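Trainee: Let me begin by handing over the structure; questions about it come next.
The values are calculated or read from the model by the stated rules, or taken from the named source; none is laboratory data. Note that the structure is predicted; figures quoted are calculated from it, not measured. When we count neighbours, we look across all protein chains shown, and the Cβ atoms used for this are built from the backbone with ideal geometry, even at glycine. Accessible surface areas use protein heavy atoms only, side chains included; no ligands, DNA or RNA. Shrake-Rupley method; radii C 1.70, N 1.55, O 1.52, S 1.80 Å.
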Amino acid sequence: MLKAESLSMRYFRKTGKANHFFAVHDVSLELRPGEVTLLTGRSGSGKTTLLHMLAGLLTPTEGKVWLGGTDLYVLPDKALSRLRREKIGVIPQSRSAIDTLTVLENVLLPAQLNGEKGDEQTAMRWLEALGIANLKDARPAELSGGELRRMAIARALAGGAEVILADEPTGDLDDENTAAALTLLRRAAEEDGKAVLLVTHDNEALRFGNRRFRMDGGRLYSDEQNARRFDAPELGKEC
Amino acid sequence: MGASRLPFKNLLRKPGRTAALLLLTALLAAAVFGGSLVIGSLRSGLDSLEARLGADIIVLPSSAESKVSFKNILLQGTTGAFYMDASVLDQVRAAQGVEIAAPQTFLASLKADCCAVKVQIIGIDPETDFIVKPWIDESYSHELGDMEVVVGCNVTAGVGETLKIYDQHTHVVARLAETGTGLDTAVYCSLDTMKKLLAAAEAKGVTHQISSDTDDLISAVYVKVKDGWDVGLVNTWLNGHVRKVTAVRARSMFTDVSDSLAGISRAVTGLIGAVWALALIVLLIAFAMMIHERRREFAVLRLLGVSRRGLRAEILAETGLCSLAGALLGVGIAAAGVFPFTTLIETRLGLPYLTPSAVTVLRLASVTLLATLLVGGVAGAWAAARLSRVDPGVALREGE
């Protein structure tokens, strides 16, 4: 579904011995429908840069990103934005709420940017599944880091995207909410056929992936032998 | 909520930020509209005065004060009186090139027991007057009878009321339309009525400071020159041949006023320009700060699939709404600061002041709105252009 082909991101700098460095170097990766792909690695290894390139947010210096049969980076901005709006859901590592909108409005925003009204009931179901339905009318400034993270997860899942790119989605969550969020992401892959990339440091998350990769110094290494099949506990909630 | 309502939400839910931007644009609009309105009113006042005078030449007593006093009566509505022998009128009429010569006689009433109000009283000859009579005809179609007066629009006496002047009871038969000049504070009567008032004033001890063997006094003669005649030549002839008078070309009488008005106009225009430049710079800084503060928010919108163009439209919609609201507020503030205080402004400036017509005021307001929108648009477009160069991936990672 989403495929990276010899992807590199090279930054130029004036200091140091070399005049440039690779944040991501010659990475090829395919995200398949129905699968959760795990991506681990130390801080600064290039995980987020790779995720942004896969999301069509950061133009690679080399290589291509294909979604279906479309090369993302040959598209003009308008078409690329539309494709991202319709097919890619991103859960960024950092705070990503629109401060002037309520939680529910934030979750409905992708659909509305797409010219649709947005399904409030579906949005509420995701908020309930993530335990923040009671905060639907709250503004982001009133939310904790964990609640904001869960709102971002709900927004990505409610939008109907084919590809979910999650950058440390459980970073601010406690154990219970971590399990809930990962289960929802897993279900999105398993039941809705979405392709999910999960960038994580969380050992708990390792149980939820179909395939596992590790990044180091901008390079991608397959870590298939450590990947496990789904064995996460059921939450008993329908989403 | 539709995505198109996002700019409204952003503005309404960040009241502090919105209020600051609104205030800036309101300041700009108020300066432009208020300044233009005052300048326009001064220009209108002077135009109205020139149109109202309608004479080519004005003949006044040759005393140094008469010209100044005459101008003050017309421009500022102060009271004054100066006299010359009525025989001057025949000499002026006898001059070649003179088509009409119409006399007026002035008298200043007192603010005392004898008089209801302190006003300038102007006696006209209804037979020959082409200055005030056509104006009076707009409000009163009959001949001015004995002890009948017509009042300027700023005189506080209604039609049908009695106005006591030097213990003489005069009857107000009409009120005149506004001119924005000193003529609005005057009372008009026939020369016959004026003679009675002059006698009454003399009885009260008001001297007319003229050594004349006749009680037939006039203060000014308005001259209309025949078509084809050179006004300058007629004026020179009058100055050379009629004794104890000064003939002044009407246009030159207000040249200094016109010049000072042009000076004020330049100063106000310069001030408006400075306020504009300042407002533009401040708006650019304000928008740049706002954009910087909201880089992450805009990056999130990009992440959610808003195109660069869409983002620019969002920013322009916000700045446009802000500019429009600020412009409306500014126009309102300026209107509230100018319209109720026209008399005060007129008194302070000492110049004829006539609020332009509603159409002109609306046109000025529209130009102000457009100009403010333009400045807001330029600042917004500049901010949007800066933002579109920001990489959303980089902006999202800031502060991680």
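Trainee: Which residues, taken from the range B:367-389, are more than 27 Å from the chain's Cα centre (by Cα) and within 13 Å of B:A26 (Cα to Cα)?
Mentor: Correct list: B:V375, B:G376.
Trainee: Being within 13 Å of chain B (Cβ to nearest Cβ), under 26 Å from B:E314 (Cα atoms) and in contact (Cβ under 8 Å) with a residue 24 or more places away in the chain: is that true of A:D172 here?
Mentor: no
Trainee: Please report, ordered by residue number, the helices (runs of 4 or more DSSP H) entirely within the range B:282-397 with at least 2 residues that are of a type outside the set (F, W, Y) and away from chain A (no Cβ under 14 Å).
Mentor: The qualifying helices (runs of 4 or more DSSP H) are B:308-338, B:342-349, B:358-388.
Trainee: Would you confirm whether any residue within the range B:38-47 is acidic (D, E) and over 30 Å from B:G273 (Cβ atoms)?
Mentor: No, the conditions are met nowhere in the range B:38-47.
Trainee: Can I ask one more? Would a scan of the range A:6-26 turn up a residue that is within 14 Å of another protein chain (Cβ to nearest Cβ), within 24 Å of A:H201 (Cβ to Cβ) and surrounded by fewer than 19 Cβ atoms within 10 Å (Cβ to Cβ)?
Mentor: Checked against the condition, which is being within 14 Å of another protein chain (Cβ to nearest Cβ), within 24 Å of A:H201 (Cβ to Cβ) and surrounded by fewer than 19 Cβ atoms within 10 Å (Cβ to Cβ), the range A:6-26 yields at least one hit.
Trainee: Looking at the range B:175-206 only, could you name the residues that are in contact with a Cys (Cβ under 8 Å, 6 or more places away or on another chain), in a helix (DSSP H, G or I) and among the charged types (D, E, K, R)?
Mentor: B:D184, the sole residue that qualifies.
Trainee: Also: Does the range B:38-46 include one or more residues that are assigned to a loop (DSSP other than H, G, I, E, B) and touching a Leu at 6+ places or on another chain (Cβ under 7 Å)?
Mentor: Within the range B:38-46, none of the residues are assigned to a loop (DSSP other than H, G, I, E, B) and touching a Leu at 6+ places or on another chain (Cβ under 7 Å).
Trainee: Also, quick follow-up: Give the residues of the range B:216-250 that are aliphatic (A, V, I, L, M) and part of a strand (DSSP E or B), sorted by residue number.
Mentor: Once the filter is applied, which keeps residues that are aliphatic (A, V, I, L, M) and part of a strand (DSSP E or B), the range B:216-250 yields B:L217, B:I218, B:A220, B:V221, B:V223, B:V225, B:V245, B:A247, B:V248.
Trainee: Kindly establish whether B:E178 is of a type outside the set (V, I, T) and touching a helix residue (DSSP H, G or I) at 6+ places or on another chain (Cβ under 8 Å).
Mentor: Yes: the conditions hold for B:E178.
Trainee: Can you tell me which of (1) open to solvent by 50 Å² or more (accessible area, probe 1.4 Å); (2) in contact with a Pro (Cβ under 6 Å, 6 or more places away or on another chain); (3) of a type outside the set (K, R) is the one B:D146 doesn't meet?
Mentor: Of (1) open to solvent by 50 Å² or more (accessible area, probe 1.4 Å); (2) in contact with a Pro (Cβ under 6 Å, 6 or more places away or on another chain); (3) of a type outside the set (K, R), only one is false for B:D146: (2).
Trainee: Further, regarding this structure: Collect the residues in the range A:150-167 that are open to solvent by less than 20 Å² (accessible area, probe 1.4 Å) and farther than 20 Å from A:M1 by Cα, keeping them in residue-number order.
Mentor: Hits for the range A:150-167 are A:M151, A:A152, A:I153, A:A154, A:R155.
Trainee: Which ones in the range B:47-93 are part of a loop (DSSP other than H, G, I, E, B) and hydrophobic (A, V, I, L, M, F, W, C)?
Mentor: Across the range B:47-93, the qualifying residues are B:A55, B:A81, B:F82, B:A86.
Trainee: Could you list, in sequence order, all residues of the range B:89-113 that are modelled with pLDDT under 90, open to solvent by 10 Å² or more (accessible area, probe 1.4 Å) and in contact with a strand residue (DSSP E or B) (Cβ under 8 Å, 6 or more places away or on another chain)?
Mentor: B:A108
Trainee: Considering only the range A:98-114, I want to know if a residue exists there that is closer than 18 Å to A:L198 by Cβ and out of contact with any Gly (no Cβ under 6 Å at 6 or more places or on another chain).
Mentor: no
Trainee: Which of (1) in contact (Cβ under 8 Å) with a residue 60 or more places away in the chain; (2) open to solvent by less than 30 Å² (accessible area, probe 1.4 Å) is the odd one out, the single condition A:S94 does not satisfy?
Mentor: Exception for A:S94: condition (1).
Trainee: I've got another one for you. Give the range B:1-39 a look and list any residue that's closer than 30 Å to B:G263 by Cβ and open to solvent by 20 Å² or more (accessible area, probe 1.4 Å), or say none.
Mentor: B:L24, B:L27, B:A30, B:A31, B:S36, B:V38, B:I39, listed by residue number.
Trainee: Something else: Which is in the same structural domain as B:A30 (by TED's automatic domain parsing) and either of a type in the set (D, E) or surrounded by 14 or more Cβ atoms within 10 Å (Cβ to Cβ) (or both), of B:L238, B:L271, B:L217, B:L278?
Mentor: Residue meeting the stated conditions: B:L278.
Trainee: Just checking, does the range B:130-140 include any residue being under 23 Å from B:F82 (Cα atoms), free of Cβ contacts under 8 Å to residues at least 40 places away in the same chain and in a helix (DSSP H, G or I)?
Mentor: Taking every residue of the range B:130-140 in turn, at least one turns out to be under 23 Å from B:F82 (Cα atoms), free of Cβ contacts under 8 Å to residues at least 40 places away in the same chain and in a helix (DSSP H, G or I).
Trainee: Out of the range A:107-143, which residues are within 9 Å of chain B (Cβ to nearest Cβ) and either closer than 23 Å to B:K14 by Cα or in contact with a Leu (Cβ under 7 Å, 6 or more places away or on another chain) (or both)?
Mentor: Answer for the range A:107-143, where residues must be within 9 Å of chain B (Cβ to nearest Cβ) and either closer than 23 Å to B:K14 by Cα or in contact with a Leu (Cβ under 7 Å, 6 or more places away or on another chain) (or both): A:L108, A:L109, A:P110, A:Q112, A:L113, A:G118, A:R139.
Trainee: Condition first: more than 19 Å from B:G77 (Cα to Cα) and either among the basic types (K, R) or within 18 Å of the chain's Cα centre (by Cα) (or both). Now tell me which residues in the range B:164-190 satisfy that.
Mentor: Of everything in the range B:164-190, just one residue is more than 19 Å from B:G77 (Cα to Cα) and either among the basic types (K, R) or within 18 Å of the chain's Cα centre (by Cα) (or both), namely B:K164.
Trainee: Another one. Between a first residue in the range B:222-239 that is touching a residue at least 12 places away in the same chain (Cβ under 8 Å) and under 17 Å from B:R93 (Cβ atoms) and a second residue that is open to solvent by less than 90 Å² (accessible area, probe 1.4 Å) and part of a helix (DSSP H, G or I), which pairs have beta carbons less than 6 Å apart while being 6 or more apart in sequence or on different chains?
Mentor: B:V225/B:V231; B:V225/B:V234
Trainee: Find the residue count for the range B:331-357, including only residues that are small (G, A, S) and within 13 Å of the chain's Cα centre (by Cα).
Mentor: Adding up the residues that qualify gives 2.
Trainee: Scan the range A:54-78 residue by residue and report those that are facing chain B (nearest Cβ under 8 Å) and either crowded, with 21+ Cβ neighbours inside 10 Å or among the aromatic types (F, W, Y) (or both).
Mentor: A:A55, A:L57, A:L58
Trainee: Same structure again: Looking at (1) away from chain A (no Cβ under 14 Å); (2) outside any helix (DSSP H, G or I), which is the only condition B:I272 fails?
Mentor: Here B:I272 meets the rest and fails (2).
Trainee: For the range A:97-106, enumerate the residues that are facing chain B (nearest Cβ under 7 Å) and open to solvent by 10 Å² or more (accessible area, probe 1.4 Å).
Mentor: A:D99, A:E105
Trainee: Hey, another quick one. Spot the failing condition for B:S265; the list is (1) open to solvent by less than 50 Å² (accessible area, probe 1.4 Å); (2) in contact with a helix residue (DSSP H, G or I) (Cβ under 7 Å, 6 or more places away or on another chain); (3) closer than 30 Å to B:L11 by Cβ, and only one is missed.
Mentor: Of (1) open to solvent by less than 50 Å² (accessible area, probe 1.4 Å); (2) in contact with a helix residue (DSSP H, G or I) (Cβ under 7 Å, 6 or more places away or on another chain); (3) closer than 30 Å to B:L11 by Cβ, only one is false for B:S265: (3).
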